[in-house]
Amino acid sequence: MEKKIYTFLAGPDCFYPNFKELRENKRHICEEYGLTALPNDEFPDVIEQPVTDYNICWSNIKRLDKCELILANLEAFRGPEPDAGTVFECIYA
């Protein structure tokens, strides 16, 4: 059995109205290259309650620890710079 190469999907895309479309586009890019995008059914995008910045951060770190690659949207967000959370995820990865 071929080893899965997990890829973390990062970016502020969840704040956009077309979030589902953006996520699916990234998933398809991963599939084209034989990569397994996270979150997925195996490692879902579940945040412990209450949903706080702390819980979101640690949930993402747990998933990042399972990944070998990161596919990130680093376009300007809410100003001239990329999303700070996405930058952190890239640095951590």
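Every number here is computed from the coordinates shown, using simple stated rules; none is lab data. Predicted model only: the values in this text are computed from it and were never measured. Every residue, glycine among them, receives a Cβ derived from its backbone with ideal geometry; neighbour counts consider all protein chains shown.
For the reader, a short list of remarks on this structure follows.
- Matching residues, segment 39-93, being in contact (Cβ under 8 Å) with a residue 60 or more places away in the chain, assigned to a helix (DSSP H, G or I) and not small (G, A, S): T86, E89, C90
- Selection of segment 2-36 for residues being buried (at least 17 other Cβ atoms within 10 Å of the Cβ) and closer than 19 Å to F88 by Cα yields Y6, T7, F8, L9, A10, G11, P12, D13.
- Given (1) within 12 Å of the chain's Cα centre (by Cα); (2) at positive phi, index of the condition R78 fails: (1)
- In summary, E24 fulfils each of the numbered conditions (1) of a type outside the set (A, V, I, L, M, F, W, C); (2) part of a helix (DSSP H, G or I); (3) on the phi > 0 side of the Ramachandran plot with the single exception of condition (3).
- The one condition in (1) exposed (fewer than 13 other Cβ atoms within 10 Å of the Cβ); (2) touching a helix residue (DSSP H, G or I) at 6+ places or on another chain (Cβ under 9 Å); (3) within 21 Å of V87 (Cα to Cα) that E48 fails to fulfil: (3)
- The set of residues from segment 1-21 being assigned to a loop (DSSP other than H, G, I, E, B) and in contact with a Leu (Cβ under 9 Å, 6 or more places away or on another chain) comprises K4, I5, G11, Y16.
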